[in-house]
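Some notes on the structure that comes next.
No value in this document is a laboratory result; all are computed from the given coordinates. Just so you know, these numbers come straight off a predicted model, no measurement behind them. Heads up, the Cβs are rebuilt from the backbone with ideal geometry, glycines too, and the neighbour counts pull from every protein chain shown.
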Amino acid sequence: MDFQMSKTKENLARSFAAECQEGARYQFLAQMAQQEGYQYMSMIIRTLAHNEMAHAKQFFQKIGELGGQNVQNIDISAGYPYKTGTLQETLTFEAHNEQMSSDSIYPKFADIARDEGFKEVGELFDMVSKVEKTHQRTLEKLAESLKSNALYKSNSGEQAFKCDECGTIILGKSAPKTCPLCKMGQGYFRIDFSIN
């Protein structure tokens, strides 16, 4: 099928737009987390934002690769998620969006691409879908940790908590309110899985 006439071209453009918006929304969410004192959570969310922009770049480049100089403008019509709320509400909302991308949208786009003869684009959608599933799980865990007040507490006994500012490791059932070395707040701590 001619790429210019394909549904795949439109789906790549829609995906590029969606990933750019997710990257921006995650930057805003990371700022919210940081303002609320959750430095480590903010870093996790910024990593997700970076991932989304890497996906956007792949979709953008694929359009250029397949369409070349003939792609000047792509008209797309699609709904894009928008919600404001508390940090926990927004994490839950974004987890749901990631689930839609990973379980429904990108698998459908992959099937369409393969049906139209764009096997490599189908593989691209499949790979991004798998990453979006990991994003969903990460966001769900962060939201649940906030909801249950377990972000800096261990439910399974003593854990190693590491300060991301100075590297201090504290063993305990919860991270300290402030780091004894650098005096940064609890939001700089994370469970150190290299020790646990």
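Here are the numbers:
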{"quantity": "Cβ charges +1 (Lys, Arg) and -1 (Asp, Glu), total dipole of the chain, debye", "calculated": "680"}
{"quantity": "For segment 79-130, size of Cβ-based charge dipole, Lys and Arg +1, Asp and Glu -1, in debye", "calculated": "80"}
{"quantity": "Most mobile listed residue (GLY37, GLY185, GLY85) in the chain, GNM with C-alpha springs under 10 Å", "calculated": "GLY85"}
{"quantity": "Axial C-alpha extent at least 30 Å, average Kyte-Doolittle at least 1.0 - helices from the chain (DSSP)", "calculated": "none"}
{"quantity": "Chain lengthening between GLN88 and VAL71 when straightened (0.36 nm per residue, less Cα-Cα)", "calculated": "2.1 nm"}
{"quantity": "Listed candidates [x] 32.9, 111; [y] 20.0, 64; [z] 16.4, 53 - label of the one calculated as Rg and Dmax of the Cα atoms in Å", "calculated": "[y]"}
{"quantity": "Value at 222 nm in deg cm²/dmol, rounded to 500, when DSSP H runs of n ≥ 4 in the chain each add -39,500 (n - 2.57)", "calculated": "-20000 deg cm²/dmol"}
{"quantity": "Most mobile listed residue (CYS179, CYS166, CYS20) in the chain, GNM with C-alpha springs under 10 Å", "calculated": "CYS166"}
{"quantity": "Two-site label geometry, ALA24 and LYS108: point separation in nm, points 7 Å out along Cα→Cβ", "calculated": "2.3"}
{"quantity": "GNM result for the chain, Cα springs below 10 Å: residue of SER104, SER174, SER129 fluctuating most strongly", "calculated": "SER104"}
{"quantity": "Gain in span if fully extended, LYS147 to ALA78, counting 0.36 nm per residue against the direct Cα distance", "calculated": "21.6 nm"}
{"quantity": "Cysteines without a disulfide-compatible partner [the chain; Cβ-Cβ under 4.7 Å]", "calculated": "CYS20"}
